[in-house]
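The values are calculated or read from the model by the stated rules, or taken from the named source; none is laboratory data. Because the structure is a prediction, the values reported are computed rather than measured. Note: ideal-geometry Cβ built from the backbone for every residue, glycine included; neighbour counts use all protein chains shown.
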Amino acid sequence: MNISVQGKVREDNPLYKDPLFREFFDLPRQVEREVSATGSGVIVDAQRGYVLTANHVVEKIATAQITTKEGRRFTAKLVGRDPATDVAVLQIHGASDLKAIRMGDSDRLEVGDYVIAVGNPFGLGQTVTSGLVSALGRTGIGKQGYEDFIQTDASINPGNSGGGLINLRGELIGINTAILSPGGGNIGIGFALPINMARAVMDQIVATGRVQRGRIGVAVQDLPIAMRPQIKNGALIEEVTPGSPRAGLRKGDVVAKVDGIPVRTATQLRNKVGLTPVGKELQLTIERNGAPQVIDVEVGAAAGEAKDSH
């Protein structure tokens, strides 16, 4: 579906920061600015009218205009947003006969899988492009604090942000988020947020209106090359915070799986812990001195967003 954002936002007046201008002119501390943008979104709950989109599409806006493929138009209210993952949730009230897409499992994606990107490029209207999953677990793409992007060569252009990345079974497996392009157009390098991460964020936003970060009180790093002949994948625990909810974890342990899902990188583990609701238990499969062990850890509330601390 297409999302049109139009409205006014209040922001700090740059001239107010200059003491000379403040002395000689009666300047307001804040000014109003007209904003207009287009993007895309995906209906994920037809009964309750929930729409997933990218945060940067609806940033600072309380309502947005939504147009479906059939030409139906609705006003949607912002339920909540999470800049750290670039996820926002909108809600359409009073609409009937909405159709929601079926969600897939992004943890089952593999490089080389065929995918379809749906969106509203350059405001042209609903457009479909196809391509492959080029890579998984991409990080360092933007300024977001939680990154684990799907890279695809399916054409993604300005206006596609917030649209769906879909597998050949018609399941939503990602939310289109960003492109890498010197000129601003598609060059075959696009990125989507995995739907498993987007769904975890959405569940917290719907339940509480915000996302509370979790922690288990360990610092981790990617598995050193010297350890990889013995252990293929995982995240190495390099430090355990005293008094943390670590429940038996030790320095030197390698976290190989979380809730049965293999851990590829430290970033993946950080994302999983950080987006798990506080109070929920995670089952960690670890390697310690060459022997596997299973440890249940209760996720605690993060006091801050310290880098690489989980």
Exercise for review: Return the total of residues in the range 232-256 being at pLDDT below 85 and charged (D, E, K, R).
Suggested key: 2
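Does the range 218-238 hold any residues that are in a loop (DSSP other than H, G, I, E, B) and either exposed (fewer than 13 other Cβ atoms within 10 Å of the Cβ) or of a type in the set (D, E, K, R) (or both), and which are they?
In the first step, residues of the range 218-238 are kept if they are in a loop (DSSP other than H, G, I, E, B); the result is 223-224, 228-234.
The answer is P224, R228, P229, Q230, K232.
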Check your understanding: Would you pick out the residues in the range 32-61 that are at pLDDT 85 or above, in a strand (DSSP E or B) and crowded, with 23+ Cβ neighbours inside 10 Å?
Key -> S40, G41, V42, V51, L52, T53, A54
Check your understanding: Say we look at the range 201-216 and pick out the residues that are among the small types (G, A, S) and surrounded by fewer than 21 Cβ atoms within 10 Å (Cβ to Cβ); which of these is farthest from V44 (Cα to Cα)?
Key -> G209
**Study point:** Residues (closer than 15 Å to R228 by Cα and either in a loop (DSSP other than H, G, I, E, B) or charged (D, E, K, R) (or both)) located in the range 250-279
**Key:** G252, D253, V263, R264, T265
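Name the strands (runs of 3 or more DSSP E) wholly inside the range 62-120 in which the number of residues that are out of contact with any Lys or Arg (no Cβ under 9 Å at 6 or more places or on another chain), in contact (Cβ under 8 Å) with a residue 60 or more places away in the chain and surrounded by 13 or more Cβ atoms within 10 Å (Cβ to Cβ) is 1 or more.
Values: elements: 63-67, 73-82, 87-92, 114-119.
Those strands (runs of 3 or more DSSP E) span 73-82, 114-119.
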